[in-house]
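The values are calculated or read from the model by the stated rules, or taken from the named source; none is laboratory data. A quick note: this is a predicted structure, and the numbers were derived from the prediction, not measured. All Cβ positions, even for glycine, are placed from backbone atoms using ideal geometry, and neighbour counts span all protein chains on display.
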Amino acid sequence: MAYNEACKNYNYTVEFEDEVALDLFIQERGFRRVNERERNGVVKMNYVCQQFWQRDIRCSHKLCVIKKDGLLIAKTTDKGQPHIHKRLPPEISEPNEHERTSDPYKVESQLHEIIRHSTPDVLAKLKEAYERKKREQERIALKLFAKMSSEKQKEILSTYGCLDE
């Protein structure tokens with residue numbers, strides 16, 4: 001009963017002879033694996049459309065593959081039709097705060113604005129924090145370099161032209 005309730009939205013069923021045919025079907029339709037679960041000798045693999053994670057496209061097509069006794073049965077929510085993805089208008093796909101600040105050009109322009117309106121003492125503190133962070137990264141890199149084998153160290157040094165042979 002619970003299985004039927006969970007799969008009632010799946011409206012198209014396909015049976016596959018082997019995993020190669022299943023993989024081709026998954027690639028054709030553009031699905032990406034989300035999780036896999038095994039219970040009582042039955043393996044259930046769940047997939048969603050690759051466009052599921054795009055912020056400006058809405059696609060909720062899913063695929064459920066059940067592997068039992070060598071049989072591969074796939075159920076989808078796309079009625080066997082190809083996925084047609086339409087981009088949402090820009091006003092609907094407004095980026096969230098994380099996406100807005102993760103744009104490198106936006107971040108750079110924001111930093112320029114902050115620096116332009118900063119006082120000399122704030123600029124000195126920013127420079128000090130930057131140099132402290134840079135020294136910390138150099139110290140970590142030096143520790144990693146020291147742990148490497150001498151062959152690997154020579155390879156890295158010769159790659160960057162620091163080793164005269």
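Brief remarks follow.
- Residues in the range 1-13 that are part of a strand (DSSP E or B) and at pLDDT below 85: Tyr12 alone.
- Whenever a residue of the range 127-150 is farther than 24 Å from Leu111 by Cβ, its partners that are surrounded by 10 or more Cβ atoms within 10 Å (Cβ to Cβ) and not charged (D, E, K, R), lying with C-beta atoms within less than 7 angstrom and at least six residues away or across chains, give the pairs Phe145/Gln153.
- Scanning the range 66-88 for residues that are exposed (fewer than 11 other Cβ atoms within 10 Å of the Cβ) and within 16 Å of Leu24 (Cβ to Cβ) turns up Gly80, Pro82.
- Some residue of the range 98-107 being of a type outside the set (A, V, I, L, M, F, W, C), farther than 30 Å from Leu126 by Cα and either at pLDDT below 80 or exposed (fewer than 12 other Cβ atoms within 10 Å of the Cβ) (or both): no
- The set of residues in the range 143-165 that are under 35 Å from the mean Cα position of the chain (by Cα) and surrounded by 10 or more Cβ atoms within 10 Å (Cβ to Cβ) comprises Phe145, Met148, Lys152, Gln153, Lys154, Glu155, Ile156, Leu157, Ser158.
- Scanning the range 18-63 for residues that are more than 16 Å from His83 (Cβ to Cβ) and surrounded by 18 or more Cβ atoms within 10 Å (Cβ to Cβ), we see that the one that is modelled with the lowest pLDDT is Leu22.
- Residues located in the range 108-136, provided they are loosely packed, with under 10 Cβ neighbours inside 10 Å and of a type in the set (S, T, N, Q): Thr119
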